[in-house]
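Novice: Handing you a structure now.
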Amino acid sequence: MWFKSWNQTKDNLPDQVAMDCLPRHIAIIMDGNGRWARKRALPRSMGHRAGVEALRKIVKTCSKLGIEVLTVYAFSTENWSRPKDEVGILMKLLTEYLRKELEELHQNNVVIRAIGILKDLPLEAQHELERAVERTKNNSGLVLNLALNYGGRSEIIDAVKKMSQDVLAGKQKIDDIDEKIFSDKLFTGGLPDPDLLIRTSGEMRLSNFLLWQLAYTEIMVVEEFWPDFGENSLIEAIKEYQKRDRRFGGIHTN
């Protein structure tokens, strides 16, 4: 099957974006699918399906821009408390997305990764994830990092357990543990921390997302529900990011 290269439409990107100071890593809390559907008198499942379409557009735009990493909060550890039918729909949409989009993602050099407690996902979802990761592991473009059954606190606890095991086994000295060693034990080990966090739907909270990694991330909250967040919205967020003065706790003397 033939797929169109996303880079063929790269010339359509706005001139206002400074291509020399793009965020390396963008993280997104994709919020508001249910409220988007309710506003239109539609079932919540239609909101989640519209959210998948929004994700397709954002992945494509990030790839065209040359963003290195896009991490999206697809399913949290707390989401299991939702009605069983809704959880089932979300898992079905995940497997559908991976099956339908995998080849186009692969042909456009996207690397698929997943973070979270993946062993607790339905077996079908695990299988599709494993297939997608294996298929794209040698690509060199955008890293699409799917946060699935993910929670920031559980990630930190997992990292502490790994380091403790290394100390008990004599592989690691306690006094040598630093931020880099700790970061490497996280699910995101090997990836840069996010430069920009976008949360849709206007909610002002992190919702247990990337708690360690967001220490110096620029945070942007937009009022749009996730299904309405498209290429223009992302471009506007990046333009706003490029106006920010990132000092990382220091001051600029010039």
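Novice: Touching a strand residue (DSSP E or B) at 6+ places or on another chain (Cβ under 8 Å), open to solvent by less than 70 Å² (accessible area, probe 1.4 Å), closer than 16 Å to K162 by Cα and at pLDDT 95 or above, is that true of F187?
Specialist: yes
Novice: Looking at the structure I just gave you, is G116 of a type outside the set (S, T, Y), in contact with an Asp or Glu (Cβ under 9 Å, 6 or more places away or on another chain), under 25 Å from Q213 (Cβ atoms) and surrounded by 21 or more Cβ atoms within 10 Å (Cβ to Cβ)?
Specialist: Answer is yes for this residue.
Novice: Give me a count of the residues in the stretch 211-232 that are touching a residue at least 24 places away in the same chain (Cβ under 8 Å) and open to solvent by 50 Å² or more (accessible area, probe 1.4 Å).
Specialist: Count: 6.
Novice: Confirm whether N109 is in contact with a His (Cβ under 6 Å, 6 or more places away or on another chain) and not small (G, A, S).
Specialist: The answer is no for N109.
Novice: Counting only residues that are open to solvent by less than 60 Å² (accessible area, probe 1.4 Å) and β-branched (V, I, T), how many does the stretch 150-176 have?
Specialist: Residues meeting the conditions: 2.
Novice: Read through the list (1) touching a residue at least 40 places away in the same chain (Cβ under 8 Å); (2) crowded, with 18+ Cβ neighbours inside 10 Å; (3) farther than 19 Å from I28 by Cα, then give the number of the only condition that E103 fails.
Specialist: If we test E103 against (1) touching a residue at least 40 places away in the same chain (Cβ under 8 Å); (2) crowded, with 18+ Cβ neighbours inside 10 Å; (3) farther than 19 Å from I28 by Cα, just (2) comes out false.
Novice: Can you report the number of residues in the stretch 9-30 which are at pLDDT below 95, open to solvent by 90 Å² or more (accessible area, probe 1.4 Å) and in a loop (DSSP other than H, G, I, E, B)?
Specialist: 2
Novice: Restricting attention to the stretch 233-250, report how many residues are farther than 18 Å from L65 by Cα and modelled with pLDDT of 95 or more.
Specialist: The total comes to 0.
Novice: Among the residues of the stretch 134-183, which ones are charged (D, E, K, R) and under 21 Å from Y97 (Cβ atoms)?
Specialist: Once the filter is applied, which keeps residues that are charged (D, E, K, R) and under 21 Å from Y97 (Cβ atoms), the stretch 134-183 yields E134, R135, K137.
Novice: Among the residues of the stretch 128-143, how many are in a helix (DSSP H, G or I) and out of contact with any strand residue (DSSP E or B) (no Cβ under 6 Å at 6 or more places or on another chain)?
Specialist: The number of residues fulfilling the criteria is 5.
Novice: While we're on this one: If you scan the stretch 59-83, which residues turn out to be out of contact with any strand residue (DSSP E or B) (no Cβ under 7 Å at 6 or more places or on another chain) and open to solvent by less than 70 Å² (accessible area, probe 1.4 Å)?
Specialist: Matches in the stretch 59-83: T61, S63, K64, L65, G66, N79.
The values are calculated or read from the model by the stated rules, or taken from the named source; none is laboratory data. What you see is a predicted model, and the numbers here were worked out from it, not measured in a lab. Cβ atoms come from the backbone with ideal geometry, glycine included; neighbour counts cover every protein chain shown. We work out accessible area using only protein heavy atoms, side chains counted, and drop any ligands, DNA or RNA first. Shrake-Rupley method; radii C 1.70, N 1.55, O 1.52, S 1.80 Å.
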